[in-house]
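Undergrad: A single structure is presented below for examination.
The values are calculated or read from the model by the stated rules, or taken from the named source; none is laboratory data. Please read all numbers here as calculations on a predicted model, not as lab measurements. Quick reminder, even Gly has a Cβ in these numbers, built from the backbone with ideal geometry, and neighbours come from all protein chains shown. Side chains included, ligands, DNA and RNA excluded: accessible areas come from the protein's heavy atoms. Shrake-Rupley method; radii C 1.70, N 1.55, O 1.52, S 1.80 Å.
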Amino acid sequence: MAGRVSIDLFMTLDGVAQAPGGPEEDPEAGFAYGGWQAPLFDETVGAQVDEGISSMDALLLGRKTYDIFADYWPHQLDGGNSDIARKFDSIPKYVVSRGTPDLGRWRDSHHLEGDLADAVAGLRARHQDVHVIGSIDFARTLVAGGMFDSLNLWVYPVVLGPGKRLFPPDGPPAELKLLEASAASENGAVLLRYGWAGPAPATGVMGS
């Protein structure tokens, strides 16, 4: 049985997914709201995130997110986030990059090369539960090609305006199916899980 690929993203109500964790996470294009999620993170979202992390057996990351994670998580094995750090440390990490990423900073890290669809299929054959965390540009490619099983969006009641989005205004168009919608967390975040339904949405005329 083929494994699953899940994409995990924190997102504002207007679709911004850039730098939820901290001011220095991704200041590209002068993004001024890095760390926007931190004041709203609560126990319900934490439990949902922990559940996903506990089940994963591989991480699949874009180059920028990998560099951020590799600079942080290997140094947290005995810290306050040691459970997450040790889980990440114990599973393979796969990095998608057109360049040559420095993989020596984090054990069991591998450069995923070649045709992306073939590479993702290979991961499905080797693992049961692969997660993509953050990695907006890479996640956008996976969603556009339908190369995922579950798109997990934590949507917060915040509107920022500028910032990177999973769904750019120029498309491509796609149709998703809602798999699950959680009740709102203490601070108003809603976890929405979507699956792939097709490359373009169906159209019609209302009332016909």
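Undergrad: Given N residues in the stretch 90-208, what is its alpha carbon radius of gyration divided by 2.2 N^0.38 Å? Numbers along the way, then the final one.
TA: Working: Rg = 17.1 Å, N = 119, 2.2 N^0.38 = 13.5 Å.
The reported ratio for this selection is 1.26.
Undergrad: Quick check: net charge around Gly35, other residues with Cβ under 11 Å of its Cβ, Lys/Arg +1 and Asp/Glu -1?
TA: Numbers: positive: none; negative: Glu24, Glu25, Asp26.
Around Gly35, the surrounding residues sum to -3.
Undergrad: Points 7 angstrom from Cα along the Cβ direction at Asp57 and His110: gap in nanometres?
TA: With each label placed 7 Å out from Cα toward Cβ, I get 1.3 nm.
Undergrad: Per residue of the stretch 94-110, what does 6.51 cos²θ - 1.76 cosθ + 1.60 with θ = phi - 60° give for ³J(HN,Hα)? Whole Hz please, x for Gly and Pro, Karplus curve as stated.
TA: 10, 10, 9, 7, 6, x, 10, x, 7, 9, x, 8, 9, 4, 6, 9, 9
Undergrad: Testing the spin-label approximation: label points 7 Å from Cα along Cα→Cβ at Ala200 and Ile84. State their distance in nm.
TA: 4.1
Undergrad: For Ala58, enumerate residues with amide H under 5 Å from its amide H, sequence gap 5+ or separate chain, H modeled in the peptide plane.
TA: Result for Ala58 returns Asp129, His131.
Undergrad: Starting from the Cα of Lys64, draw a straight line to each of the aspartates and glutamates and keep only those under 14 Å, dropping any in the same chain fewer than 8 residues away.
TA: In chain and number order, the partners are Glu24, Glu25, Asp26, Glu28, Asp102, Asp137.
Undergrad: Note down the accessible area of Val155, probe 1.4 Å, to the nearest 10 Å².
TA: Estimated to the nearest 10 Å², Val155 gives 30 Å².
Undergrad: For the chain, what is Rg from Cα atoms divided by 2.2 N^0.38 Å, rounded to two decimals? List each step's numbers first, then the result.
TA: Details: Rg = 17.1 Å, N = 208, 2.2 N^0.38 = 16.7 Å.
My calculation over the Cα atoms of the chain gives 1.02.
Undergrad: Show that you can apply the helix-only estimate: for the chain, add -39,500 (n - 2.57) for every DSSP H stretch of four or more residues, divide by all residues, and state [θ] at 222 nm to the nearest 500. Could you put the intermediate results ahead of the total?
TA: Working: 5 runs with 52 residues, N = 208.
Helix contribution divided over all residues of the chain: -7500 deg cm²/dmol.
Undergrad: OK, next. How far, in nm, would the chain grow between Glu24 and His75 when pulled straight, counting 0.36 nm per residue and subtracting the alpha carbon separation? Don't skip to the answer; put the middle values down first.
TA: On the way: separation 51, 0.36 × 51 = 18.36 nm, distance 1.76 nm.
Here the answer is 16.6 nm.
Undergrad: Of His75, His131, which has the most accessible area with a 1.4 Å probe, and how do the rest follow in descending order?
TA: Working: His75 135, His131 10 Å².
Listed by decreasing accessible area, they come as His75, His131.
Undergrad: Are there trypsin sites (Lys or Arg not before Pro) in the stretch 53-149 that DSSP puts in a loop and that have at most 16 other Cβ atoms within 10 Å, and which ones? Don't jump to the answer; show the numbers that get you there.
TA: Working: sites: Arg63, Lys64, Arg86, Lys87, Lys93, Arg98, Arg105, Arg107, Arg124, Arg126, Arg140; in loops: Arg98, Arg105, Arg107.
Answer in residue order: Arg98, Arg105, Arg107.
Undergrad: Given the Cα-Cα distance of Ala144 and Ala38 and 0.36 nm per residue of separation, how much length would full extension add, in nm? Provide the component values of the computation, followed by the final result.
TA: Details: separation 106, 0.36 × 106 = 38.16 nm, distance 2.87 nm.
This chain segment gains 35.3 nm when fully extended.
Undergrad: May I pose another question? Starting from 0.36 nm per residue, how many nanometres of slack lie between Ala184 and Ala121 once their C-alpha separation is accounted for? Mind dumping the intermediate values first?
TA: Working: separation 63, 0.36 × 63 = 22.68 nm, distance 3.41 nm.
Length gained, Ala184 through Ala121: 19.3 nm.
Undergrad: Another one. All other residues with a Cβ under 15 Å from the Cβ of Gly80 taken together, and with Lys, Arg as +1 and Asp, Glu as -1, what is their net charge?
TA: On the way: positive: Arg86, Lys87; negative: Asp50, Asp78, Asp83.
Around Gly80, the charge tally is -1.
Undergrad: List the GluC sites (Glu not before Pro) within the stretch 1-34 that fall in a DSSP loop (any state other than H, G, I, E or B) and whose Cβ has at most 12 other Cβ atoms within 10 Å. Mind showing how you got there, number by number?
TA: Working: sites: Glu24, Glu25, Glu28; in loops: Glu24, Glu25.
The qualifying sites are Glu24.
Undergrad: Let me ask something else about it. Using a probe radius of 1.4 Å on heavy atoms only, what accessible surface per residue do you get for the stretch 79-176? Whole Å² is fine.
TA: On the way: 4720 Å² over 98 residues.
Accessible surface, normalised per residue, equals 48 Å².
Undergrad: Right, next: Treating only the Cβ of Lys, Arg, Asp and Glu as charged (+1, +1, -1, -1), what charge dipole size does the stretch 49-168 show about its Cα centre? Round to the nearest 20 debye.
TA: 360
Undergrad: At a 1.4 Å probe radius, carbon and sulfur cover how many percent of the accessible area of the stretch 1-128? Walk me through the numbers on the way to the answer.
TA: Working: 3380 of 6590 Å².
The computed percentage sits at 51.
Undergrad: While we're looking at this one, here's another question. Give me a comma-separated list of calculated 3J(HN,Hα) values for the stretch 159-174, in order, Karplus coefficients 6.51, -1.76, 1.60 applied at θ = phi - 60°, integers in Hz, x for any Gly or Pro.
TA: Calculated HN-Hα couplings, in order: 10, 10, x, x, x, 5, 10, 5, 10, x, x, 9, x, x, x, 7 Hz.
Undergrad: Looking only at the chain, where both bridge partners belong to it, what percent of the DSSP beta bridges are antiparallel (to the nearest 5)? Mind showing how you got there, number by number?
TA: Numbers: 12 of 34 bridges.
Rounded to the nearest five, the antiparallel share is 35 percent.
Undergrad: Now a separate question. Across every pair of different alpha-carbon atoms, what Kirkwood hydrodynamic radius in Å does the stretch 1-94 reach?
TA: On the way: mean 1/r = 0.0679 Å⁻¹.
Evaluated on the stretch 1-94, it is 14.7 Å.
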